[in-house]
């Protein structure tokens, strides 16, 4: 199936083209491997309007839109999407089909089986979807669907030890089919503190003049899509608790949330209800937001479900003290009281307590940030992530039924 230029062909598949951690992972791999492989990316929801499509176009990477591929379960759309994926695989004839996100994991593995038994089918788990806050029937559906379609995949990459353990112990996936590969990031050219703060204000329309003029405010920041899984309502509630219980912070305390998404109206309503309009700023989506991280004093992650969040890796690289919920792969990144502080998910009181701990002890916060910076540089390099992923592509140890020995890499 290799093209005449003797390069193997990779087809990356993902459900949405809105830019989040999964799409960033795909883009980073595609961008880095495009000279070594024939690389294409396919996605559904948001289509060419999504930021992933824009970045791929700018980088000269080929992409396809799967019109009926949607994130929500929809039997008719899902069936149509399955046939669209089958048609795409027939057209592109990939040597490697690399699936990302739960919906495409299910449809993509079924499609790859229908079309060919000779393409390597790889799936990266960015957090098992049945751990999300979903109705019980959806959790059960996804759990059984993931377990069934795991048989159709050659290799499953887990981005955290937690996901790896769930795959092995709960889904009973054989270990020979599993790989643990952490995300990695390239060095970031961070702006200095005040320069980053000025640029952040310039890119945010709802900074009021009285907030702009504050000189000594404590700046707490997060970068997150405004999704239910990010638990931002709990972070906002934590800020309310801090303001209510620590009145001295009332006039010089800000939370900046960088990101956009479907929960904006609900979050705006919560902010108004708690009288936090001058304290919590929904800054919207900002390009290259990671460069602005040093404009903050503390970074917070309030997620209720995660895979292996890039935003925390970036905050670690910036040397910021981090307060995060203990979910998904975050425990692989943050060791409590060593390079950050961990709080219970869905617990605004605990989040508030950990934030105050850093505010009241800046030297402790600086120590946490310095340790985080050292740790990310040692363990989560970009080259390591790419290298281990290529090993998966080239070491086919678990062929599907019907593969011939000659088809193995």
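Does at least one position in the stretch 252-263 carry a residue that is farther than 29 Å from residue 51 by Cβ, assigned to a loop (DSSP other than H, G, I, E, B) and at pLDDT below 90? Yes, the stretch 252-263 contains at least one residue that is farther than 29 Å from residue 51 by Cβ, assigned to a loop (DSSP other than H, G, I, E, B) and at pLDDT below 90.
Every residue, every condition in (1) out of contact with any strand residue (DSSP E or B) (no Cβ under 7 Å at 6 or more places or on another chain); (2) at pLDDT below 95, yes or no:
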{"position": "333", "(1), (2)": "yes, no"}
{"position": "342", "(1), (2)": "no, no"}
{"position": "367", "(1), (2)": "yes, no"}
{"position": "370", "(1), (2)": "yes, no"}
{"position": "384", "(1), (2)": "yes, yes"}
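Residue check: is residue 98 touching a strand residue (DSSP E or B) at 6+ places or on another chain (Cβ under 8 Å) and farther than 19 Å from residue 153 by Cβ? Against the criterion (touching a strand residue (DSSP E or B) at 6+ places or on another chain (Cβ under 8 Å) and farther than 19 Å from residue 153 by Cβ), residue 98 does not qualify. Looking at the structure I just gave you, is residue 176 assigned by TED's automatic domain parsing to the domain that holds residue 133, at pLDDT 90 or above and either within 30 Å of residue 381 (Cβ to Cβ) or buried (at least 18 other Cβ atoms within 10 Å of the Cβ) (or both)? So residue 176 fits the description; yes. Take the conditions more than 15 Å from the chain's Cα centre (by Cα), assigned to a strand (DSSP E or B), modelled with pLDDT of 90 or more and within 25 Å of residue 373 (Cα to Cα) and apply them to residue 293. Does it pass? The answer is no for residue 293.
Can you tell which of 82, 110 is without any contact (Cβ under 8 Å) to a residue 40 or more places away in the chain, part of a helix (DSSP H, G or I) and closer than 27 Å to residue 305 by Cβ? Answer to the selection: 82.
Every test in (1) surrounded by fewer than 24 Cβ atoms within 10 Å (Cβ to Cβ); (2) on the phi < 0 side of the Ramachandran plot; (3) at pLDDT below 95 is passed by residue 288 save one, and that test is (2).
Per-residue answers, yes or no, for (1) in the same structural domain as residue 139 (by TED's automatic domain parsing); (2) within 21 Å of residue 128 (Cα to Cα); (3) over 20 Å from the mean Cα position of the chain (by Cα):
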position: 21; (1), (2), (3): yes, yes, no
position: 32; (1), (2), (3): yes, no, no
position: 44; (1), (2), (3): yes, yes, no
position: 54; (1), (2), (3): yes, no, no
position: 62; (1), (2), (3): yes, no, yes
position: 80; (1), (2), (3): yes, no, yes
position: 86; (1), (2), (3): yes, no, yes
position: 90; (1), (2), (3): yes, no, yes
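Here residue 59 clears all of (1) touching a helix residue (DSSP H, G or I) at 6+ places or on another chain (Cβ under 6 Å); (2) more than 18 Å from residue 10 (Cβ to Cβ); (3) surrounded by fewer than 18 Cβ atoms within 10 Å (Cβ to Cβ) except the condition numbered (2). The residue that is nearest to residue 278 (Cα to Cα), counting only those in the stretch 165-184 that are in contact with a strand residue (DSSP E or B) (Cβ under 8 Å, 6 or more places away or on another chain) and touching a residue at least 40 places away in the same chain (Cβ under 8 Å), is 184.
Select from the stretch 349-388 the residues that are without any contact (Cβ under 8 Å) to a residue 12 or more places away in the chain and not in a helix (DSSP H, G or I) and list them in ascending order. Within the stretch 349-388, just 361 meets the criteria.
The values are calculated or read from the model by the stated rules, or taken from the named source; none is laboratory data. Predicted, not measured: the structure shown is a model, and the values here were computed from it. In this analysis, Cβ positions are derived from the backbone assuming ideal geometry, glycine residues included, and neighbour counts consider all displayed protein chains.
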